[in-house]
Amino acid sequence: MISFENVTKGYKGGTVAIRDMSLDIDKGEFVFLVGSSGSGKTTFIRLLLREEIPTSGRILVAGRDIANLSQWRIPYLRRNIGCVFQDFRLLPNKNVFENVAFALEVIGRPKHVVAAQVPQVLDLVGLSKKRESLPGELSGGEQQRVAVARAFVNRPLILLADEPTGNLDPATSQGIMRLLERINKTGTTVVIATHDSGIVDQMRRRVIELDHGTLVRDQARGVYGYGT
Amino acid sequence: MPVSLDYVARETASNLWRNRLMTIAAVLTVAVSLSLVGTALLLRQGVAHATTQWQHGVSVELFLKPSVSTTQEASVRQQLHQLPYVQSCLYRSQTYDYNEAKRLLTPDESQALTVASTPSSLRCVLNNPTQAQAIAKQFHGYPGVKDVASPNQAIRNMESVTRILQLVFLILAVILLLSASVLILNTIRLAIFARRREVSVMKLVGATNWFIRVPFMFEGVVQGLLGAVVAAVVVVVLHLVLDALGNGQISNLWYQMRLPTHEVVITSLVVLLIGVLIGSIGSAFGIRRFLDA
């Protein structure tokens with residue numbers, strides 16, 4: 001599903017964010033991307049979304065080299081990748097339903113599709129009763145559920161999450177993780193960049209560790225730190 | 001590119017309302033600059049219209065009665081020939097004059113005209129155009145001569161004044177049009193800035209660039225168009241004022257400058273087109289910086 005082949009990403013000024021990285025993530029996998037700040041996790045995600053272009057190497061998503069994607073195809077790549085962030089990025093003047101529906105409307109989905117899919121996904125994230133609430137009226141955990149619903153409503157092949165629990169307490173974080181696991185069970189590939197050692201250790205999933213842009217560990221049922 | 005009209009209309013309206021002060025500024029600037037453009041165009045056409053008959057250096061016209069006899073005509077020609085300040089004269093037949101009249105007059109006015117009732121004419125080039133008055137005096141009431149016409153000195157003055165006026169108007173208009181596009185560019189930028197969260201989410205979930213762009217472009221076009229509509233109204237009103245000033249008298253300078261309706265319509269359309277153009281160019285540049293990524 002995702003394949004990095006000798007990918008290097010350098011920025012102007014000589015900083016190298018990703019150094020000669022090769023890895024494969026299969027369809028339906030659940031992967032943690034760990035490493036300290038500045039290790040290259042965010043660049044990894046930006047490369048996948050084609051917000052950045054690799055300096056060298058190839059990145060394949062669903063068999064397609066995304067570095068050579070023409071400008072007008074980028075939106076279609078992004079429709080296959082749902083994305084969740086630490087800061088939720090909800091629209092404050094739209095309610096829960098509208099926030100999720102917006103993701104479908106702006107890619108031109110007809111009204112009846114919106115009317116059918118949004119309640120379904122709100123049910124999945126457990127927010128059916130709060131569909132009329134504004135983001136400001138929700139707790140952090142609830143806001144992140146809305147963000148997950150928005151990322152997943154179009155049934156993407158891949159769900160990326162950049163520090164999804166960074167603003168949440170441990171109990172709430174666990175709830176979000178259970179939700180991402182459920183989404184993963186539907187066949188969606190899930191990639192989570194995180195610092196949250198508690199969650200990584202608890203879930204024992206594949207762990208990919210970056211350090212200064214280099215892949216230093218790729219472990220099938222890993223934990224956050226070395227050992228065990 | 002499935003961008004629904006309903007969506008574009010809604011977004012455009014809400015953007016325009018959000019930025020209403022900037023919108024008003026942009027619309028007014030477009031209106032003022034295009035009014036100048038329209039006025040300059042009208043003025044040029046009006047003067048061209050009034051002076052068509054005085055081209056090729058002709059400075060005096062003797063109209064002969066349709067009933068003129070050959071001897072009378074010969075006598076007039078001989079007299080003219082003897083005058084020292086007459087350089088040359090050209091004879092125009094009744095048919096020629098009839099066709100010219102049809103071209104210069106509105107259909108209403110030329111309707112009653114027939115070839116037989118149209119006077120033939122002698123058009124003379126003078127060494128010194130100021131002598132035109134003397135010729136008019138000499139041939140007024142002369143047998144076979146219906147009328148003597150000399151160009152109003154005012155027309156000549158008008159020509160040079162309007163040439164300068166036009167230039168000034170056009171320069172002002174170009175400067176104002178430039179500032180209008182910059183103003184529109186700025187409103188569009190503000191509109192995008194106000195919606196940057198929406199725009200970033202749209203990009204994230206895979207909305208096409210066109211989908212994001214169209215409402216903003218439309219906003220610029222609407223601003224340009226609104227300004228142009230105001231300017232088109234100014235053009236039409238100006239035309240009506242010229243008409244009223246002329247008071248229906250052929251000899252009146254304003255009346256000679258008035259334009260047939262179709263030329264006014266074309267001028268208004270040109271003004272509208274420029275408005276739309278300014279709007280699209282301004283918004284296209286405004287959007288570019290934000291959506292290139």
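Report, by residue number, each residue of segment B:177-197 that is aliphatic (A, V, I, L, M), away from chain A (no Cβ under 14 Å) and surrounded by fewer than 19 Cβ atoms within 10 Å (Cβ to Cβ).
B:LEU178, B:VAL182, B:LEU190
For segment B:1-35, give me each residue that is assigned to a helix (DSSP H, G or I), within 14 Å of another protein chain (Cβ to nearest Cβ) and hydrophobic (A, V, I, L, M, F, W, C).
The answer is B:LEU5, B:VAL8.
Does any residue of segment A:136-145 turn out to be over 30 Å from A:ASP24 (Cα atoms), in contact (Cβ under 8 Å) with a residue 60 or more places away in the chain and within 14 Å of another protein chain (Cβ to nearest Cβ)?
Checking segment A:136-145: not a single residue is over 30 Å from A:ASP24 (Cα atoms), in contact (Cβ under 8 Å) with a residue 60 or more places away in the chain and within 14 Å of another protein chain (Cβ to nearest Cβ).
With of a type in the set (D, E, K, R) and either crowded, with 19+ Cβ neighbours inside 10 Å or within 16 Å of B:LEU204 (Cβ to Cβ) (or both) as the only criterion, which of A:GLU181, A:GLU142, A:GLU132 stands out?
A:GLU142
A quick yes/no check of all residues on (1) closer than 21 Å to B:MET202 by Cα; (2) hydrophobic (A, V, I, L, M, F, W, C); (3) within 12 Å of chain B (Cβ to nearest Cβ); (4) more than 15 Å from the chain's Cα centre (by Cα):
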{"position": "A:ARG46", "(1), (2), (3), (4)": "yes, no, yes, no"}
{"position": "A:SER56", "(1), (2), (3), (4)": "no, no, no, yes"}
{"position": "A:ARG64", "(1), (2), (3), (4)": "no, no, no, yes"}
{"position": "A:TYR76", "(1), (2), (3), (4)": "yes, no, yes, yes"}
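Any idea which of (1) closer than 29 Å to A:SER173 by Cα; (2) facing another protein chain (nearest Cβ under 9 Å); (3) of a type in the set (A, V, I, L, M, F, W, C) is the one A:TRP72 doesn't satisfy?
It is condition (1) that A:TRP72 fails.
All but one of (1) touching a Gly at 6+ places or on another chain (Cβ under 9 Å); (2) surrounded by fewer than 17 Cβ atoms within 10 Å (Cβ to Cβ) hold for B:LEU126; which doesn't?
(2)
Looking at segment A:60-89, which of its residues are part of a loop (DSSP other than H, G, I, E, B) and either farther than 28 Å from B:LEU5 by Cβ or in contact with a strand residue (DSSP E or B) (Cβ under 9 Å, 6 or more places away or on another chain) (or both)?
Result: A:ALA62, A:GLY63, A:LEU69, A:ASN80, A:GLN86, A:ASP87, A:PHE88, A:ARG89.
In segment B:72-87, what residues are in contact with a helix residue (DSSP H, G or I) (Cβ under 7 Å, 6 or more places away or on another chain) and free of Cβ contacts under 8 Å to residues at least 40 places away in the same chain?
Within segment B:72-87, no residue meets the criteria.
When only residues in segment B:198-223 that are in contact with a Leu (Cβ under 7 Å, 6 or more places away or on another chain) and more than 14 Å from chain A (Cβ to nearest Cβ) count, which is farthest from B:THR187 (Cα to Cα)?
B:VAL222
Just the residues that are over 43 Å from the mean Cα position of the chain (by Cα) and under 17 Å from B:LEU16 (Cβ atoms), please, taken from segment B:185-198.
The one that is over 43 Å from the mean Cα position of the chain (by Cα) and under 17 Å from B:LEU16 (Cβ atoms): B:GLU198.
Restricting to segment A:82-99, name every residue that is among the aliphatic types (A, V, I, L, M) and more than 8 Å from every other protein chain (Cβ to nearest Cβ).
Across segment A:82-99, the qualifying residues are A:VAL84, A:LEU90, A:VAL96.
None of the figures in this text is laboratory data; all of them are computed from the coordinates on show. Being a predicted model, the structure only gives us computed values, none of them experimental. Note: ideal-geometry Cβ built from the backbone for every residue, glycine included; neighbour counts use all protein chains shown.
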